[in-house]
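J.: Pasting a structure here, questions to come.
What follows is calculated from the coordinates using simple rules that are stated; it is not laboratory data. As the structure is a computational prediction, the values presented were derived from the model and not from experiment. Note: ideal-geometry Cβ built from the backbone for every residue, glycine included; neighbour counts use all protein chains shown.
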């Protein structure tokens, strides 16, 4: 099954039915009055959020949707057409591709938004009867339904996002603090799609962690897998920057930490300003007499002023303390948001800026990639209409216990 987090969709609401021109004709009533009925309204198109879905793959195979048109009027009024409802995963943003307007952000189960208005019904000649016109022959046609070019963008809903190079131990950390079991292996890019883990500390106290594929140097220009998934971190309130303190290659922990910071700033300055904690992982593989020296080197190289945590995710050393600190941070932030309207407004403004920057950056990258492929083909006429459809798909295998 493919994990698809973006898809272009064309929706067209139904046309309104035309009004009817008709006169009453019955036995002994040779000259009855007008009885032409109105047409029916065209069907509208709605989009609803469904928490049982986790991909937009269906919209890649069927990108066009048209609602039914209303029936034309007859000797009496006719009914309108049925509305059409499309289902998307919770966390889907709906964008008008022609105007770049964000139509809706579906963040709750069952949330519904109308994306295309059905056409209004036409009027039958009965509507035009008056004291001076007893036999009107005038009718009106139904109006066309609204047509829109949309883009569905899926972003996972999480409180905390994990950043780091491949093999930094992000998936191992999720396994250590939650019931999620993402694939873990000793090679880069084990994680190909976002993984979510729910961390429950106490009853009614929990938060969601999102793990995205590891970033590499040049990710903001399209290298590796991370560019397409960084947008999933735009909804988080806290970022954990995991650093491998026992790397298998020649890159030092300080250098790897700097790579992530640079790529994050290139992708989205607003995301780089989001609250971020430094998590130094795999310290169980570092000789005890070298641990503090290595940790200090990373902190100094980054000129880090924020919180620093030392953990070994594989054997859960320090992970529970970190989870508790995260829970306290989220609770305090929630309380402040409820108590301070000014702070809440600032957070909402930052959220909108984050999503806008992420959206623009991803679209710029896709356009640049498309142009590069055209240049490689040596022709500006090369047909690549689906350049933003399948180039970023990855295969996902789901396993069930």
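J.: Students often check this: by mean Cβ neighbours within 10 Å, which of 147-160, 253-266 ranks highest, and how do the rest follow?
T.: Numbers: 147-160: 21.0, 253-266: 19.1.
Going by the mean number of other Cβ atoms within 10 Å, highest first, we get 147-160, 253-266.
J.: For residue 112 and residue 272, FRET efficiency with R0 = 45 Å and r from the beta-carbon atoms, rounded to 0.05? If you can, show how the numbers build up before the last one.
T.: On the way: r = 35 Å, r/R0 = 0.78.
With R0 = 45 Å, the Cβ-Cβ based efficiency is 0.80.
J.: Label the stretch 239-283 by shape, choosing from rounded, prolate and oblate, from the square roots a ≥ b ≥ c of the eigenvalues of the Cα gyration tensor; if a/c is under 1.5 it is rounded, and otherwise prolate applies when a/b is larger than b/c, oblate when it is not.
T.: Oblate, because a/c is 1.5 or more while a/b does not exceed b/c.
J.: Let me ask something else. What does the extension gain come out to for residue 64 and residue 288, with contour length at 0.36 nm per residue minus their alpha carbon separation? Write out the running numbers ahead of the final one.
T.: Numbers: separation 224, 0.36 × 224 = 80.64 nm, distance 6.06 nm.
Gain on extension, residue 64 to residue 288, equals 74.6 nm.
J.: Calculate, for residue 372 and residue 133, the FRET efficiency according to 1/(1 + (r/R0)^6) with r their C-beta to C-beta distance and R0 60 Å; round to the nearest 0.05. Walk me through the numbers before you get to the answer.
T.: On the way: r = 67 Å, r/R0 = 1.11.
Computed FRET efficiency for residue 372 and residue 133 comes out at 0.35.
J.: May I pose another question? Pull out the extension gain between residue 53 and residue 202, defined as 0.36 nm times the separation in residues minus the alpha carbon to alpha carbon distance; nm, one decimal.
T.: Working: separation 149, 0.36 × 149 = 53.64 nm, distance 2.74 nm.
Contour length minus Cα-Cα distance gives 50.9 nm.
J.: Can you give the FRET efficiency to the nearest 0.05 for residue 100 and residue 332, using r as the Cβ-Cβ distance and R₀ = 41 Å? Write down the numbers at each step before the final one.
T.: Details: r = 35 Å, r/R0 = 0.86.
About 0.70, to the nearest 0.05.
J.: Highest first, please rank the peptides 31-39, 116-124, 323-331 by the mean number of other Cβ atoms sitting within 10 Å of their residues. Provide the component values of the computation, followed by the final result.
T.: Values: 31-39: 20.2, 116-124: 24.9, 323-331: 16.7.
Sorting 31-39, 116-124, 323-331 by mean packing, highest first, produces 116-124, 31-39, 323-331.
J.: Label-point separation (nm) for residue 350 and residue 297, each offset 7 Å from Cα along Cα-to-Cβ?
T.: Inter-label distance under the simple model: 3.3 nm.
J.: Sticking with this one: Using Cα centres only, tell me the gap between the stretch 308-366 and the stretch 15-91 in whole Å.
T.: Centre-to-centre distance over Cα atoms comes out at 45 Å.
J.: Alpha carbons only, please: Rg and Dmax for the stretch 297-378, in angstrom.
T.: Looking at the stretch 297-378, its Cα Rg and Dmax stand at 20.6, 60 Å.
J.: With a 10 Å radius around each residue's Cβ, average the other Cβ atoms per peptide and rank 101-110, 236-245, highest first. List each step's numbers first, then the result.
T.: Working: 101-110: 14.4, 236-245: 22.8.
Packing order, densest peptide first, comes out as 236-245, 101-110.
J.: Counting other beta carbons within 10 Å of each residue's own, what order do 130, 72, 200 fall into, fewest first?
T.: Details: 130 8, 72 21, 200 14.
Taking fewest neighbouring Cβ atoms as first place, the list is 130, 200, 72.
J.: Roughly what % of Cα-Cα distances in the stretch 2-154 sit above 19 Å, to the whole percent? Walk me through the numbers on the way to the answer.
T.: On the way: 6966 of 11628 pairs.
Tail of the P(r) past 19 Å holds 60 percent of the pairs.
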